[in-house]
Amino acid sequence: MIKNSFISVISQKEKEENAGSVEFQVFSFTTKIRKLTSHLELHKKDSSSQRGLRKILGKRQRLLAYLSKKNSGRYKELISELNIRERKIR
């Protein structure tokens, strides 16, 4: 159901050590987003889940903006591994 290609890159030991890293947080938000998206395909009128999805999308967007400013190489690698679109530059 959900592609976990990025999780195979991070070993179990590294996950425990780097749970606060930006990459791991973006990965966990991406898995939550994919789960909520599949849930909302079945339950279109679930407004509380829609609100939660919008909040998680905002958090992920802010983390990706931070990462693109601090380290663009890691940012490009992360979005290619997670298969997500690049953020718009305003």
*asked:* If I go through segment 53-86 residue by residue, how many of them are surrounded by 14 or more Cβ atoms within 10 Å (Cβ to Cβ) and of a type in the set (Gly, Ala, Ser)?
replied: 2
*With (1) open to solvent by 70 Å² or more (accessible area, probe 1.4 Å); (2) under 24 Å from Tyr66 (Cβ atoms); (3) modelled with pLDDT under 95 as the list, and Met1 as the residue in question, which single condition is left unmet?*
(2)
_Filtered residue count, segment 24-46, keeping only those that are open to solvent by 80 Å² or more (accessible area, probe 1.4 Å) and in a helix (DSSP H, G or I)_ = 4
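The values are calculated or read from the model by the stated rules, or taken from the named source; none is laboratory data. None of these values were measured; they are calculated from a predicted model. Using ideal geometry, Cβ is built from the backbone for each residue, glycine included, and neighbour counts are taken over all protein chains shown. Please note that ligands, DNA and RNA were not included when accessible areas were found on the heavy atoms of the full protein model with its side chains. Shrake-Rupley method; radii C 1.70, N 1.55, O 1.52, S 1.80 Å.
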